[in-house]
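Each remark here refers to the structure printed beneath this line.
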Amino acid sequence: MHAAARFADYLSRKRLKMTRERRVILEQVLAARGHFGVDDLQEILRKAGHTVSRASLYRTLPHLVESGLVHKLEMAKGQARYEPMVGRHHHDHMVCLECGKIIEFESREIERLQDRVCRRKRFSMTGHTHQIRGYCDGCAGRRGPRAGGPDPQAHRV
Ligand SMILES: [Zn+2]
Ligand SMILES: [Zn+2]
Ligand SMILES: [Zn+2]
């Protein structure tokens, strides 16, 4: 299904309308490359000649994420980055809490393990987000070995 149709379908299930503003945000998000923040997106929209408030971006992005068209990455200090998933191969991320560097990776082994864990728990997975938080090579070097230790909020399998 085409992305706009998918989003319209999602909105109608939520009893929401595909407004002109939502359509414009969708179009610009899907055309954007890489992992961008809300400020970046506002700038992209501005350059394309659209004035969209931050408030409406904050209202619309969760819908794009929930519809599965956009992936959200949690960064340090409650910040987030977004990435359109349309036409992209599945991949997961490592996020540096110091400099914000994002490393994409794919591991068939991890994917297989996740499938196996879900089968064992009789859970039918429709998608997943696997995000590793920590420090990139450069930042880990500056912080010294094992600084901070593992994140206590880290997801445990
Ligand atoms: Zn994955
Ligand atoms: Zn870093
Ligand atoms: Zn990515």
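With a 10 Å cut-off between alpha carbons and a GNM built on the chain, which of ARG120, ARG133, ARG22 moves the most?
ARG120
Which whole-number value in Å² is the accessible area per residue of the range 1-46, probe 1.4 Å?
64
In whole percent, how big is the carbon plus sulfur part of the accessible area of the range 2-89, probe 1.4 Å, protein atoms only?
The computed percentage sits at 48.
Student exercise: in the chain, how many lysine pairs 8 or more apart or on different chains have Cα atoms under 26 Å apart?
Pairs that pass both the separation and distance tests number 8.
What is the sum of charges around GLU106, taking Lys and Arg as +1, Asp and Glu as -1, for the other residues whose C-beta is under 13 Å from the C-beta of GLU106?
Its environment carries a net charge of -1.
Counting Lys and Arg as +1 and Asp and Glu as -1, each charge on the Cβ, what is the dipole of the range 1-88 about the Cα centre in debye, to the nearest 20?
280
Under a Cβ-Cβ cut-off of 10 Å, what is the net charge of the residues other than ASP92 that fall near it, where Lys and Arg count +1 and Asp and Glu count -1?
Spelling it out: positives minus negatives among the neighbours equals -3.
If I measure Cβ to Cβ between cysteines in the chain, which ones have no partner under 4.7 Å?
That list is CYS99, CYS118, CYS139.
For ILE44, what charge total do you get from the other residues with a beta carbon under 12 Å from its beta carbon, if Lys and Arg give +1 and Asp and Glu give -1?
-1
Considering the chain as a Gaussian network with a 10 Å cut-off on Cα pairs, which listed residue, ARG81, ARG116, ARG33, attains the greatest mean-square fluctuation?
Taking springs between Cα atoms under 10 Å, the residue moving most is ARG116.
Which ³J(HN,Hα) values in Hz, rounded to whole numbers, follow from the phi angles of the range 69-81 under the Karplus curve 6.51 cos²θ - 1.76 cosθ + 1.60, where θ = phi - 60° and Gly and Pro get x?
Residue by residue, the range 69-81 yields 7, 10, 9, 10, 10, 8, 9, 5, 6, x, 7, 9, 10 Hz.
Please compute the contact order of the range 1-139 in relative form: average sequence separation of alpha-carbon pairs under 8 Å and at least six residues apart, divided by the residue count, as a percent.
19
What FRET efficiency, computed as 1/(1 + (r/R0)^6) with R0 = 25 Å and r the Cβ-Cβ distance, is obtained for GLU106 and ARG23, rounded to the nearest 0.05?
Using R0 = 25 Å, I get an efficiency of 0.20.
Report for the chain the percent antiparallel among DSSP-assigned beta bridges with both residues inside it, nearest 5.
The antiparallel fraction comes to roughly 70 percent.
The values are calculated or read from the model by the stated rules, or taken from the named source; none is laboratory data. Since this is a predicted model, take the numbers as computed values, not measurements. Cβ sites come from the backbone with ideal geometry, for glycine too, and all protein chains shown count toward neighbours. These area figures cover heavy atoms from the full protein model, side chains too; ligands, DNA and RNA do not enter into them. Shrake-Rupley method; radii C 1.70, N 1.55, O 1.52, S 1.80 Å.
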